[in-house]
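Here's the structure, in structure tokens; my notes come after.
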Amino acid sequence: MELPDFIQIGNQAPPLRFLIIGGWAVGAHGNPRATFDVDFMIRRADRDGWFERAMACGMKLFRESGAFAQFTQAGDAFDLMLVADQTFGKMWDASEARAFGEMKARVPCLDHLLALKLHALRQNLAHRTSKDADDVEVLLRRHEINLGDSHYKTLFLKYATANSMKPSSESSVSRDAGRPSLEFELPNPEGFTSLPTWVSLERMLKGIRQMRAWFPAGIPTPEERWQAKTTQEFKL
């Protein structure tokens, strides 16, 4: 199962509302990158309905906390972020529709996606800090956001911390031994763009399929994915 299949799970009658978050939402807002799981934000009140449908599709529950549930299966991993009705309602009302191939679904608006990313950074999870920080940086630059704007100052002060953008010492590994020589010349980066190409979501899906087929050893294990999830509930 891949992203379109998971979207269809929510669209079954009676439909269960959800927002696509995580790497796919980041891609929808202009930072396409590899991601090997599908993340949905759902109402906590809909937990049982989602669990029933996921298991009916052959997925197995790997682990659950008050804020997250993680399922495993042969294809993409499937993660659910559970939030209160109030938080979901605010995010749903401001969400935006996107086409994922032939399927359509909703993603958080840019400001709410940034809030989610800052919330994850605040947990200071060593093995995912750089990814979330990169997502925030690229999204800010892609959309030419002025951090001096009072609106974004408020957003960052509410959801981030003073050290949220600092890499954790736990993620630093000493590689003093056997370092390669740095005595070489690199071409002048004239004309180089520092922002990733804004590709279509359909092309992003194709690229992820290729990555999964070519480099299966790089796909995170269920245990690694679970460690990347915060135990703290997101509240808007």
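In order along the stretch 133-140, the Karplus-derived 3J(HN,Hα) couplings, from 6.51 cos²θ - 1.76 cosθ + 1.60 at θ = phi - 60°, round to 5, 5, 4, 4, 4, 5, 5, 4 Hz, and Gly and Pro are given as x. Distance between the C-alpha centers of the stretch 100-160 and the stretch 7-84? Whole Å please. So the separation of the two Cα centres works out to 19 Å. A Förster radius of 30 Å, combined with the Cβ-Cβ distance separating GLU96 from ALA56, puts the computed FRET efficiency at roughly 0.55. Summarising the amide proton neighbourhood of GLU2: residues at separation of 5 or more, or on other chains, whose placed amide H is nearer than 5 Å comprise an empty set. For SER95, nonlocal amide neighbours, meaning residues 5 or more places apart or on other chains whose placed amide H falls under 5 Å from its own, are CYS109.
Residues whose amide H falls under 5 Å from that of ILE21, counting only those 5 or more places apart or on a different chain, are ASP39, PHE40, MET41, with hydrogens built in the peptide plane.
Every number in this text was worked out from the coordinates using simple rules, so none of it is lab data. Predicted model only: the values in this text are computed from it and were never measured. With ideal geometry, Cβ positions are generated from the backbone for all residues, glycine too; neighbour counts draw on all protein chains shown.
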